[in-house]
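Novice: Here's a structure for you.
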Amino acid sequence: MIRKAVAWCLLATALLYMLSGFGITYWDIVTPLTLGLLGKALSFQVHQVLWAPFLAFLAAHLFLRCILKP
């Protein structure tokens with residue numbers, strides 16, 4: 001059960017991390033697609049905040065998958 005929770009959290013974090021990365025580089029496309037919610041400045045802030053949770057979920061996922069094999 002914990003493996004699925006970590007995997008889903010990693011997926012959500014990775015998708016948000018990618019969306020914010022696109023929001024930094026292609027802000028003129030992402031801003032209208034998100035109805036103005038995710039501009040360039042907010043994308044940069046979200047991208048800066050998400051790197052630590054992304055790495056934590058990735059490490060937990062790898063640990064649970066590779067080290068603690070079923």
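The values are calculated or read from the model by the stated rules, or taken from the named source; none is laboratory data. Everything quoted here is computed from the prediction, not taken from an experiment. In this analysis, Cβ positions are derived from the backbone assuming ideal geometry, glycine residues included, and neighbour counts consider all displayed protein chains. Ligands, DNA and RNA are excluded from the accessible area calculation, which covers all protein heavy atoms including side chains. Shrake-Rupley method; radii C 1.70, N 1.55, O 1.52, S 1.80 Å.
Novice: Quick one: in segment 15-30, of everything that is over 27 Å from residue 59 (Cα atoms) and of a type in the set (Phe, Trp, Tyr), which residue is modelled with the highest pLDDT?
Specialist: Step by step, filter segment 15-30, then rank; the result is 26.
Novice: Considering segment 3-56 alone, what residues qualify as being touching a helix residue (DSSP H, G or I) at 6+ places or on another chain (Cβ under 7 Å), within 23 Å of residue 68 (Cβ to Cβ) and hydrophobic (A, V, I, L, M, F, W, C)?
Specialist: Once the filter is applied, which keeps residues that are touching a helix residue (DSSP H, G or I) at 6+ places or on another chain (Cβ under 7 Å), within 23 Å of residue 68 (Cβ to Cβ) and hydrophobic (A, V, I, L, M, F, W, C), segment 3-56 yields 6, 7, 9, 10, 14, 54.
Novice: Here is a follow-up. So residue 33 ticks every box in (1) loosely packed, with under 12 Cβ neighbours inside 10 Å; (2) modelled with pLDDT under 95; (3) of a type outside the set (D, E, K, R) but one. Which box is left unticked?
Specialist: (1)
Novice: Condition first: surrounded by fewer than 15 Cβ atoms within 10 Å (Cβ to Cβ), of a type in the set (Lys, Arg) and without any contact (Cβ under 8 Å) to a residue 40 or more places away in the chain. Can you find one or more residues in segment 47-66 that meet it?
Specialist: No, segment 47-66 contains no residue that is surrounded by fewer than 15 Cβ atoms within 10 Å (Cβ to Cβ), of a type in the set (Lys, Arg) and without any contact (Cβ under 8 Å) to a residue 40 or more places away in the chain.
Novice: Something else about it: Collect the residues in segment 17-30 that are more than 26 Å from residue 2 (Cα to Cα) and open to solvent by 100 Å² or more (accessible area, probe 1.4 Å), keeping them in residue-number order.
Specialist: Selection gives 22, 26, 27.
Novice: Out of 41, 12, which single residue is assigned to a helix (DSSP H, G or I) and modelled with pLDDT of 95 or more?
Specialist: 12
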